[in-house]
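To start, the structure itself, in structure tokens.
The values are calculated or read from the model by the stated rules, or taken from the named source; none is laboratory data. Predicted model only: the values in this text are computed from it and were never measured. Here the Cβ positions follow ideal geometry from the backbone for every residue, glycine too, while neighbour counts run over all protein chains shown. All accessible areas refer to the heavy atoms of the entire protein, side chains included, with ligands and DNA or RNA removed. Shrake-Rupley method; radii C 1.70, N 1.55, O 1.52, S 1.80 Å.
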Amino acid sequence: MQDNNQELFPLVDEEGRVIGKATRGECHDGSKPLHPVVHLHVFDAEGRLYLQQRPLWKDIQPGKWDTAVGGHVDYGEEIADALRREVREELGIEDFTPEFLLRYVFESERERELVHVYKTVYEGEIRPSAELDGGRFWTLGDIRDAIGKGVLTPNFEQEIKRILNSVEVKSIYNS
């Protein structure tokens with residue numbers, strides 16, 4: 001398996017307005033056109049956070065642990081539709097209630113993304129797809145211990161710190 005480098009993504013400004021389009025290959029070639037992505041943090045009733053393990057064939061951060069759901073918005077697709085599609089494709093979850101947390105720009109050596117972050121509390125069955133190398137629930141302590149050790153993706157590490165600094169931990173874990 002490998003990513004489709006010809007897949008079309010919208011290009012956006014920092015407010016999320018579509019200003020053009022580009023292929024996945026162009027978005028990830030180091031030229032850094034801003035393109036939107038969606039992330040969903042899946043918590044269980046005990047406050048543990050589900051993380052996915054990225055497959056080794058991915059073009060970015062292979063083998064590392066990452067946000068439960070993370071995916072690109074397709075050209076012409078609405079953010080809410082992309083979120084539901086990605087959750088269904090990656091975890092097999094159909095019925096969930098997303099809660100918006102924040103939006104920010106993430107930049108790495110290869111790309112620049114406008115990240116739309118949501119959370120949900122989910123108690124049903126999670127069925128990771130072949131797109132992933134599985135997943136599991138982590139305690140906040142497990143996550144804190146893994147930060148900076150090359151186990152988690154850098155964007156997940158930055159994002160979880162943003163969440164913990166901008167929102168009361170209690171409200172994330174107990175809603």
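Restricting segment 23-40 to residues that are in a loop (DSSP other than H, G, I, E, B) and under 20 Å from A82 (Cβ atoms), which is modelled with the highest pLDDT? Across segment 23-40, the extreme among qualifying residues is P33. Within segment 54-61, can one find any residue that is at pLDDT 95 or above and either within 17 Å of the chain's Cα centre (by Cα) or basic (K, R) (or both)? Within segment 54-61, not a single residue is at pLDDT 95 or above and either within 17 Å of the chain's Cα centre (by Cα) or basic (K, R) (or both).
Within the set Q53, Q6, the sole residue that is among the polar types (S, T, N, Q), over 23 Å from L101 (Cα atoms) and either surrounded by fewer than 16 Cβ atoms within 10 Å (Cβ to Cβ) or in contact (Cβ under 8 Å) with a residue 40 or more places away in the chain (or both) turns out to be Q6.
In segment 127-142, the residues that are more than 15 Å from G63 (Cβ to Cβ) form Cβ pairs under 9 Å with partners that are open to solvent by less than 60 Å² (accessible area, probe 1.4 Å) and aromatic (F, W, Y), at six or more places apart or across chains, as follows: F137/F43; F137/Y50; W138/Y50; W138/W65; L140/Y173. Of the candidates G76, G92, the single residue that is modelled with pLDDT of 95 or more, at positive phi and open to solvent by 40 Å² or more (accessible area, probe 1.4 Å) is G76. Among the residues of segment 60-67, none qualifies, meaning not one is in contact with an Asp or Glu (Cβ under 7 Å, 6 or more places away or on another chain), open to solvent by 30 Å² or more (accessible area, probe 1.4 Å), more than 15 Å from E7 (Cβ to Cβ) and charged (D, E, K, R).
Right, G20: over 27 Å from Y122 (Cα atoms), part of a strand (DSSP E or B) and open to solvent by 10 Å² or more (accessible area, probe 1.4 Å) or not? Talk me through it step by step, then tell me what you get.
Values: over 27 Å from Y122 (Cα atoms): yes; part of a strand (DSSP E or B): yes; open to solvent by 10 Å² or more (accessible area, probe 1.4 Å): yes.
Answer is yes for this residue.
For segment 114-135, a tally of residues being under 15 Å from the mean Cα position of the chain (by Cα) and within 20 Å of L164 (Cβ to Cβ) returns 6.
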